[in-house]
Structures are given as C-alpha cells and as structure tokens.
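**Student:** Sharing a structure with you now.
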Amino acid sequence: MKVLGIETSCDDTGIAIYDDVKGLLINELYSQKKIHAKHGGIVPELASREHAKKIVILIDKIFQKIDMKEIDFISYTAGPGLVGSLLVGATFAHSLGFSLNIPVLPVNHMEAHLLSPMLEFKSIKFPFIGLLVSGKHTQIIAAYKLGKYEILGTSVDDAAGEAFDKVSKLLGLKYPNGKELSDLAEKGVKSNLYFPRPMKNHCNLNFSFSGLKTFTANIIKNNILDIQEKANIAKAFEDAVVDILLIKTKKALYQKGWSNLVIAGGVSANKKLRKKSDIMMKKYFNSTVFYTSSKFCTDNGAMIAYLGFLRYKNLNKSSFLNILVKPKWSLDSLL
Ligand code: KG4
Ligand code: ZN
C-alpha cells in the first residue's frame, strides 16, 4: 500500500510517499524560508501563493520517480495552520484523489508531529507522554492510543519555538532562527547570567514563555554586547527553556506513572533538549526518550503520509469527499 502525504500548513510544501512494506520511499520539501526572511516572519498571503506554485512542481518531480497509478490513497494536513495554505493542500489533494479515483484522508498536523518518531522507531508503544514543541505549540500530551490524546499542559502565551525565534531576532540573527540561536548558544560560556524558569513551581503542567522573552529582551536592549556576550545570553536563554520544558515533562511522567517519552515538533531538533532529556530519562526513569532525525522534526510530508497510513489501517477511515480545513484543531478533539 502506498500513501501520498501532502503538507502545506505553514511555510513548507512537503510531499512524500510512504509504503507499508518498504517504508518511506520519497520525501520532497520546498521551504519558503528565504521568501519570508525578507519580511522577518511568515506572510500568510505569500505562503499560500508559494504553495500553489510549488505543489505542482513537487508532484511532477514525484511522478517522474513513481507511477501515479501505484498510489492507493492520499492524506493531507487539514489543520491546524494558516487557512490559505491549508486550502491549497486540501484542494489539491481532493482534486488529485478524485482524478485517480482513490480515497482522500484529512489528518491533524500536530498528531503527525507527535507520531513522526514512529517513522524511524517502530518500538514506540502507546501509552506515552509526548512533549510537542513547535513554532506555534508547546504541549504535554498523554497519548493513550492512536487518535486519543489528553492535553496535560500547554503554553499560556508564546510557544517555545516562537520564543526562540523572537529572542534570536533580538540578537540580530536571521529568521527563522531557532537553530541559529542554538548554534550561537553552543559558543556561550557559563556566566553570571541566570534567567528565570517561569511557572516552575506551579502545580499545573502549563508553560509561559513571554516573560522570559521580555526578560531576555531587556538585557539585550540595555547593554552593548559583543559576540561572546550574545552567545552567553543565547546559552542562558536556551538553558532556561530546556530546563522548564523538562521540569514539567518529568512531572507529567510521574503523574501518569509512565516511562515512555516522545519529543516532537521543530524545537525537538534542539541539541541541548535532546541531550538533557536523554540524561533525565536514564537517571529518573531508567528509560529512553524518542525523537526523530532533524529533517522530520520540522514540517514535512513524510509525517503526513505516515499518519495517513496509520489512520487508514487502524481506524478504518474511509474517503472524505468534503474539502476539510480546520485552522484551529486541538489534539484532544480528533475524530
Ligand atoms: O514544527 P515546526 O516546523 O513548525 C510548526 O509547526 O510550528 O517548528 C518550527 C519551529 C521554529 O520556531 C524554529 O525556530 C524551531 O522550530 N526550531 C528550533 C530548532 N530548529 C527549529 N528551535 C530550537 N532549536 C533548534 N535546533
Ligand atoms: Zn509543524
């Protein structure tokens, strides 16, 4: 069985083919980062226009490698995301599905992130705690089974990725910059800078990053900084974000009495988060953490094709004729 996955929720056009026997066959991505970098952030109107241009080019490329008649069904990101961008992928998926006379399945982008490590690690089993950290979401999820998720904690303001992006912009790094900030932080040394760990002692599992961002912004704005001082700030900021993410994740694992952890979403590419979560899981849970290769952490078509396959196989979902887009679509309200 071959599934074609289409991802257009934000600023990456991703198309992939997943085969139930051979695994991931093709994974094509067109990133719009350079276009939006000029504007210092994503411009939704430009994003949807670019998807419309690039989706056809990518699909052409794919069908040069594989006969389109071999595709058994199509899955696409129906939300959450930017409505114009989602509509390009959804309309394209349904038109292609109609012309090939194959089923079309809308899937949730955050569920796709959450389960993306399963692409590489078949040993991941439900139930598990998921730390979902992307540009727009920071959530701790209790994942009971495919499609059944409880949100244990969430950010009350900025997402972790958003905070990374905003602080790196203040440090003069180019957009999109979570990775650049993290690379700079590697050059940082331990200094007398200590940044707050917001909501550390709150008994709930929620996060807040906007105060930490403002704290960091004030230090940057009130000082003339050389490159080493900037690196030290990046390090202190990254340490604070990683610490608070893991403090709450540890609480969630204890609360549920589980020892399986999956970290997913763009920020899961962060090296310090990976290293510290490895250490935490070994030390406190005699277990391990799962995160995926960097190319599957940020948005991609592979995770959409894979989730489509899982849902089709396990939940027996049949074709949807209606074009579905849900710009807001919470993980605890899936079909
Ligand atoms: O999951 P994603 O591709 O998009 C959303 O669905 O939101 O995540 C993008 C986010 C951006 O905020 C980006 O700066 C962040 O992931 N990111 C990182 C790293 N790589 C990407 N943040 C910290 N460290 C990284 N290495
Ligand atoms: Zn994403």
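The values are calculated or read from the model by the stated rules, or taken from the named source; none is laboratory data. Computed from a prediction, not measured in an experiment: that's the story for all the values here. Heads up, the Cβs are rebuilt from the backbone with ideal geometry, glycines too, and the neighbour counts pull from every protein chain shown. Accessible surface is based on the protein model in full, side chains and every heavy atom, while ligands, DNA and RNA are left aside. Shrake-Rupley method; radii C 1.70, N 1.55, O 1.52, S 1.80 Å.
**Student:** Applying the selection to segment 31-43, what residues are in a helix (DSSP H, G or I) and either open to solvent by less than 70 Å² (accessible area, probe 1.4 Å) or modelled with pLDDT of 95 or more (or both)?
**Tutor:** Across segment 31-43, the qualifying residues are LYS33, ILE35, HIS36, ALA37.
**Student:** From ILE57, ILE62, which residue is part of a helix (DSSP H, G or I), more than 19 Å from the chain's Cα centre (by Cα) and crowded, with 19+ Cβ neighbours inside 10 Å?
**Tutor:** ILE62
**Student:** Let me ask something additional. Run LEU324 past the list (1) away from ligand 2 (no atom under 16 Å from the Cβ); (2) open to solvent by 70 Å² or more (accessible area, probe 1.4 Å); (3) outside the structural domain of ASP158 (by TED's automatic domain parsing); (4) not aromatic (Phe, Trp, Tyr) and report the number of the one that doesn't hold.
**Tutor:** That leaves (2) as the condition not met.
**Student:** So ILE129 ticks every box in (1) within 16 Å of ligand 2 (Cβ to nearest atom); (2) open to solvent by less than 10 Å² (accessible area, probe 1.4 Å); (3) within 23 Å of LYS275 (Cα to Cα); (4) not acidic (Asp, Glu) but one. Which box is left unticked?
**Tutor:** It is condition (1) that ILE129 fails.
**Student:** Considering only segment 300-307, I want to know if a residue exists there that is open to solvent by 60 Å² or more (accessible area, probe 1.4 Å) and not small (Gly, Ala, Ser).
**Tutor:** Among the residues of segment 300-307, not one is open to solvent by 60 Å² or more (accessible area, probe 1.4 Å) and not small (Gly, Ala, Ser), which makes the answer no.
**Student:** How many residues are open to solvent by 50 Å² or more (accessible area, probe 1.4 Å) and within 16 Å of ligand 2 (Cβ to nearest atom) when one looks only at segment 1-30?
**Tutor:** Total satisfying the criteria: 3.
**Student:** Restricting to segment 173-188, and then to whatever is in a loop (DSSP other than H, G, I, E, B) and free of Cβ contacts under 8 Å to residues at least 24 places away in the same chain, can you tell me which residue is farthest from ligand 1 (Cβ to nearest atom)?
**Tutor:** Result: LEU173.
**Student:** Only one of (1) open to solvent by less than 10 Å² (accessible area, probe 1.4 Å); (2) touching a Ser or Thr at 6+ places or on another chain (Cβ under 7 Å); (3) more than 16 Å from ligand 2 (Cβ to nearest atom) is not met by LEU171, so which one is it?
**Tutor:** Condition (2) is where LEU171 drops out.
**Student:** Can you tell me how many residues within segment 198-215 are in contact with a Leu (Cβ under 8 Å, 6 or more places away or on another chain) and modelled with pLDDT of 95 or more?
**Tutor:** 2
**Student:** VAL88 passes all but one of (1) closer than 30 Å to LYS38 by Cβ; (2) open to solvent by 40 Å² or more (accessible area, probe 1.4 Å); (3) more than 15 Å from ligand 1 (Cβ to nearest atom); (4) at pLDDT 95 or above; which number fails?
**Tutor:** Looking at each condition in turn, VAL88 falls short on (2).
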